[in-house]
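Working notes for the structure below.
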């Protein structure tokens, strides 16, 4: 059996054991040396069907075939292509290769090697799962218990999302949190965690990505196509190489974070923003409520959380492109997906006497460009949150997907708005303050969202569920407003 004789298989067994799982729970395709296979939502400009099959395999095993059948009864057996790895990544990514292939339009069933993958989206989407900020934190100031699925519940959340049978999954970013070798004093919490690579100025490696995301997310991968948003933990100096190798939906971006040698030093790019892209779906649970939903995906991996500076101007073209796309296509409804929230607030326990509004560079970069959007979706803050700013689309934060949660208190509704100091004065001469929010809602517990269309067009019911899959709150979204309440 491949698990017994393969060195990489032995490593995977150790990682699986650390998650409280078994080889059968996270099956390994020994026939094709496949570690994982999944279906990504991708830009139709690159993949006409909007669906991209991807496989993580043992290095040198050769890409498996993408096979299946279409609604017309045609069968296909297509070669997958090897996704290039950065030449200087060296040992950090030497254990695996990554393959991808475009799923044909009209596909009804698909397999990567002998593993079945999600092959299509329904003609009308009625159920969306939302999650974000999922990895197990290991850094200088905190070590999460990666060996305990209650303390780090990503695997449980993934399994329960799969049980909820979503039509599509949206992950709002921040997958890689294992940024330090497990401290000697914390071996019981993270002894199996792969250390950062020693040959690169980054924190991520293939094995840390497999431990932090690929193995625990496999139930989600089996359940539905998934839209992956890049987070700040996927900047090039952190987990960027792995994100572009494993999860970027754009086929041309595999080498975006490729290291280079400058003045004898290995360096990675900075402020390397991916192009804005979009997906367009038909949604609604009845013919009367069926309508077109456009999702604009912004790369907000960069831009600090403490103030407005020159980076806002660098980021602004991403929001201009999204606003222009919505204005041109005029969908019935539009959502903006960006990892760093535009109107998100952290706990006053963290900020002390300073403003609680986060990501002001993103807030400033997007200012004046949100008129075409009905909803803003983000993660980044490790809570579930909703914020309503007068005249703006509601902001939802879904950052409770597994990484250690933020403080449980300190989320009182501010009397000052984003881009303001606590006294209402402008945070920066480069941006105009927003008015104070009409209301905010924050809940601090692990979980995810199942979103279903409401009884009226452009209305939604968002059910917050904990890591056990049990509902604990609901948010209704309509007319660019979110109203939330705790139910349990």
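How do 72-79, 306-313, 151-158 rank on mean C-beta neighbours within 10 Å, highest first? If you can, show how the numbers build up before the last one.
Numbers: 72-79: 10.5, 306-313: 15.8, 151-158: 24.2.
Final packing ranking: 151-158, 306-313, 72-79.
Using Cα-only point scatterers and the Debye equation, what is log10 of I(q)/I(0) for the stretch 360-488 at each q in 0.16 Å⁻¹, rounded to two decimals?
-0.84
In whole Å, largest first, what are the principal axis extents of the Cα atoms in the stretch 130-246?
Its Cα atoms span 42, 29, 20 Å along the three principal axes.
So what are the chain's ellipsoid semi-axes, whole angstrom, largest first, if each one is the square root of 5 times an eigenvalue of the alpha-carbon gyration tensor? Let's see the in-between values first.
Numbers: eigenvalues 222, 143, 97 Å².
Value: 33, 27, 22 Å, ordered largest first.
What is the percent of Cα-Cα separations in the stretch 176-326 that go past 21 Å?
Values: 6433 of 11325 pairs.
Result: 57 percent of Cα pairs exceed 21 Å.
Starting from the 7 Å offset along Cα-to-Cβ, what nm value, one decimal, do you get for the label separation of residue 306 and residue 82?
Going by the 7 Å Cα→Cβ label model, 4.4 nm.
Using a Förster distance of 41 Å, how high is the FRET efficiency between residue 94 and residue 349, based on the Cβ-Cβ distance and rounded to 0.05? Intermediate results must be reported in sequence, preceding the final value.
On the way: r = 43 Å, r/R0 = 1.04.
Efficiency, rounded to the nearest 0.05: 0.45.
Since every read-out is calculated from the coordinates, none of them should be taken as a lab result. Predicted model only: the values in this text are computed from it and were never measured. Here Cβ is always computed from backbone atoms with ideal geometry, including for glycine, and neighbour counts include all displayed protein chains.
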